[in-house]
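Take a look at the structure below.
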Amino acid sequence: MANEMMDTAMSETTVAASPADSLSIIQPNNGWQMIDFKELIQYRDLFFFLVWRDIKVLYAQTILGFSWAVLLPLIQIVLFSIIFGAIAKVNTDGIPYILFSSVAIIPWTYMSQSMTQASQSLIQGSSMLGKIYFPRLLYPVSPILSKLVDFGIAMGIIMCLMVYYRISPTWNLLFLPMFFILMMSIPLGIGLWLSSLAIRFRDVKHAMPFFIQMLMYSAPIVYSASSVPGIYRIVYSLNPIVGVIEGFRSCLLGTPIPWMYVCPGIFTALFLLVSGAFYFKRMERLIVDVI
Amino acid sequence: MNNKDLAIKVEHISKCYRIGFKEQMHDNLCGTLLNFMKSPFKNFRTHRSLYKFDDVNFDQSDDRSDILWALKDVSFDIQKGEVVGIIGLNGAGKSTLLKVLSKITVPTSGRIGIRGRVSSLLEVGTGFHPELTGRENVYLNGTILGMRKNEIDQKFDEIVDFSGVEKFLETPVKRYSSGMRVRLAFAVAAHLEPEILLVDEVLAVGDAQFQKKCIEKMQDVGRNGRTVLFVSHSMPAVTRLCPRVILLNGGRVEIDDVSHRVVSAYLQAGKATKGERIWPEPLEAPGDEVVRLSSVRVRTRDKLVTEAVDISGPVGLEIEYLVLQNGYEFKIYFHLINEEGIEVFTSLDNDQAWRKRIRPPGRYVSTAWIPGNLLSEGMHFVGAGIRTLNPELKRFSVNEIVGMQVVDSMDGQGARVDFTGDFPGIIRPLLKWETQVTPMEPSSVVGSVTTDKGMKS
């Protein structure tokens, strides 16, 4: 008897905690739809655990653990500094090459990794997709957040280099949060597009390495944006990655902020993000049927 | 859906899939090359057609070979607190229905209204990650199933107790035995408290004890006034748990009624093991030149051939056979095997009128009556055979030739009385019980106990 009363009391509390009497409608909805932010908020706990799982699992059973987050970009920085800095002698507008490349490589590593992971997220989660419902959007969004841990650790390299080269922070640093958000929105926008495409066409997986490589050479990572001929500049700056890389450089190294690269980039990134969200939402209902 | 007492209202739900694409073959190089060039476009169209159904006519009953209607025009209402079973053959649309209700897949047409929080258990341990510890997986799996973090915090100790893996909470799940993993996963699932629970029979895999736990938990959930939809192939479980059952067939609702009626209709439809088996051609029937089997069937008291028999009524096992040669004494026998493969009994023809008596050629029908309140619930398979005495020889023997489902209608008259839980035992006789009481004042009982103690000390 007492147990029963406890039970009812318990269930009542959970009822109160969740929208119990809410009426939900399931029906085929063809056409374009907004993202259901209310639903996403309901699933925030799950979102947290998915991100946290990605972080926990990434370096499970490795010897170096999170040192990998430093090691990988570090190797790349050293390699690029030797090839492009010392041998090819790329023009860096007077900045030491190692510093020049590291402020670019670290955001780039974040973007390329989170983009790749987001694009594969639905395929990797396919076993779960058919068994349980939660907003499909959580699949591509969680790697965007979990990869920030690596990014944060790798930022340590830049700080060390800045101390070593005695570069004092300037007011430009105030713009860093903006570039940080821009940096996250690019892989998110592309990830939304590619993940929903990848679920239908597995070609995405095969094209991904090439796509990433192309993006890398199209952005001023090993070279400086100023070496691009003026007439191509508008087309060039439509690549949002150009804006992020040049923005990071000017924020951290104190060079003037190159708005001519940044503004078109913000526009493209925003376009990718919004269109990606709509496209993802449109494809969401088909995911399980075509997996 | 304005009615507040409704938990689920399903209106004309259909779901179609496209199946099977024909591969074109070319037998010359030119054709193959052309095909190779065209294939990206063709592949694109093929992929597209998986979810674009522009060419399908929804209004008419379209019998196209490449379209599979997993659900077609399904409608039903479920009241709050109802426990409803869903049965049907493989491919009848049961799992698709659950997937549509749990929002995993979207219906092609129709509308569903759901009031309350839904949890679906199509699998235990969805999202378990082998690298994470037991504790971490409880949280991950719990939130995936729709619990909030603070809810899991509250129930965490209960969940761990239930699973019995306290010692390994900080061990990665990949080091668990498969049994431990299932126990932990089920413990999480068992502590869900949704208003509406959708359960697939996948839950009922595992050892007998695990199944028992599942069934008990389901009953608890049902008793607490929550709405449950339960997909199953196990007729005893369905009749025991669900007062109401929906039978799906070919994606449509065939019957939606009180459980025992639906279950017996399902079994009688001849789709499960049949209650009758006839050999129309004597030469193809089991037997030899002396005696041939002609048919075996299960009959109720009213002489109806059936697959579903009431636990309280007598059941007749009937065998029809042709005696072809004169001069033999026969021993006819039946044996009964339950759904776990255990031999329940063997019964030998003991009709005194035919004892030690030669049966002349002719068509014979022998019936063995099993009294009511003897068999246990569930599927039983009947085998039969005939031996001759002189010479001592087995003429034929057939195993599991017909089946019958013993169903408890739960009227309180049977051996179950009012108990609804798991009821073990290969037979379920209605024994005679007697209770005697000697009246006594409550105080004198206490008093006698204390005096006893006093005597001892």
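A short reminder: the numbers here are calculations on the coordinates, not readings from a lab. This one's a predicted model, so the numbers in the text were calculated from it and none came from an experiment. Backbone-built Cβ (ideal geometry, glycine too); neighbour counts: all protein chains shown.
Suppose R0 equals 60 Å; then what is the FRET efficiency for B:Trp354 and B:Glu166 from their Cβ-Cβ distance, rounded to the nearest 0.05?
E between B:Trp354 and B:Glu166, to the nearest 0.05, is 0.35.
Determine the shape class of chain B: with a ≥ b ≥ c the square roots of the Cα gyration tensor eigenvalues, call it rounded for a/c under 1.5, and otherwise prolate if a/b is greater than b/c, oblate otherwise.
Because a/c hits 1.5 or more and a/b fails to exceed b/c, chain B counts as oblate.
Which stretch or stretches of the stretch B:91-106 have amide N atoms under 15 Å from the point lying 7 Å from B:Asp256's Cα along the Cα→Cβ direction?
B:94, B:97-98, B:101
Determine the shielding of peptide B:3-12 by partner chains: average, over its residues, the number of Cβ atoms on other chains within 10 angstrom of each Cβ.
1
So for the protein assembly as shown: antiparallel DSSP bridges make up what percent, rounded to the nearest 5?
For the protein assembly as shown, the DSSP antiparallel bridge percentage is about 80.
Please give the FRET efficiency for A:Arg202 paired with A:Arg44, using the beta carbon to beta carbon distance and R0 = 22 Å, rounded to the nearest 0.05.
0.10
Over chain A, what is the mean sequence separation of C-alpha contacts under 8 Å (at least six apart), divided by residue count, expressed as relative contact order in percent?
25 percent
How would you rank A:Val274, B:Val262, A:Val204, going from fewest to most other Cβ atoms within 10 Å of each one's own Cβ?
In order of increasing Cβ crowding within 10 Å: A:Val274, A:Val204, B:Val262.
At a 10 angstrom cut-off on C-beta neighbours, averaged per residue, how do the peptides A:83-90, A:146-153, B:239-246 rank from highest to lowest?
B:239-246, A:146-153, A:83-90
Among B:413-420, B:296-303, B:102-109, B:331-338, how do they line up from the highest to the lowest mean number of other beta-carbon atoms within 10 Å?
Taking the mean over residues of other Cβ atoms within 10 Å, the ranking is B:102-109, B:331-338, B:296-303, B:413-420.
So for A:Ile106, B:Ile67, fewest C-beta neighbours within 10 Å to most, what's the order?
Neighbour counts put them in this order, fewest first: B:Ile67, A:Ile106.
Going 7 Å from the Cα of B:Glu343 toward and past its Cβ, which residues in the stretch B:349-376 have a backbone nitrogen under 13 Å from where you end up?
Hits in the stretch B:349-376 for B:Glu343 at 13 Å: none.
Hey, got a sec? Which trypsin sites (Lys or Arg not before Pro) in the stretch A:148-239 land in a DSSP loop and have at most 14 other Cβ atoms within 10 Å?
Sites meeting the loop and neighbour criteria: A:Arg166, A:Arg202.
Report the extension gain between B:Asn390 and B:Asn90 in nm, rounded to one decimal, defined as 0.36 nm multiplied by the number of residues separating them, less their alpha carbon distance.
103.2 nm
For the stretch B:70-268, compute Rh as the Kirkwood radius over C-alpha pairs and then the Stokes-Einstein diffusion coefficient at 25 °C and 0.890 mPa s; write the answer in µm²/s, rounded to an integer.
D = 140 µm²/s.
For the protein assembly as shown, what does the convex hull of the Cα positions come to per residue, in cubic angstrom?
311 Å³
State, in angstrom, two size descriptors of the stretch A:36-280 derived from its alpha carbons: Rg to one decimal place and Dmax to the nearest whole number.
Rg, Dmax (Cα atoms, Å): 18.5, 57.
Using a basic spin-label model with each label point 7 Å from the Cα along Cα→Cβ, how many nm lie between B:Asp288 and B:Arg45?
If labels sit at B:Asp288 and B:Arg45, their model points lie 6.6 nm apart.
Lys and Arg at +1, Asp and Glu at -1: add these up for the other residues within a Cβ distance under 15 Å of A:Ser142 and post the number.
Within the 15 Å Cβ shell, the charges total +2.
Once you have the Cα-Cα distance between B:Arg363 and B:Asn150, take 0.36 nm times their residue separation minus that, and quote the gain in nm to one decimal.
Net length gain for the segment: 69.3 nm.
Can you sort A:Tyr236, B:Tyr139, B:Tyr321, A:Tyr164 so the residue with the fewest Cβ neighbours within 10 Å comes first?
Listing A:Tyr236, B:Tyr139, B:Tyr321, A:Tyr164 from fewest to most nearby Cβ atoms yields A:Tyr164, A:Tyr236, B:Tyr139, B:Tyr321.
Stokes-Einstein at 25 °C, 0.890 mPa s, Kirkwood radius from Cα pairs: D for the stretch B:275-416 in µm² s⁻¹?
156 µm²/s
Which of B:Lys15/B:Lys99; A:Lys56/A:Lys205; A:Lys56/B:Lys103 have a Cα-Cα distance over 21 Å?
A:Lys56/A:Lys205; A:Lys56/B:Lys103
What average count of beta carbons from other chains do you get within 10 Å of the Cβ of residues in B:130-136?
Rounded to a whole number, the mean comes out at 3.
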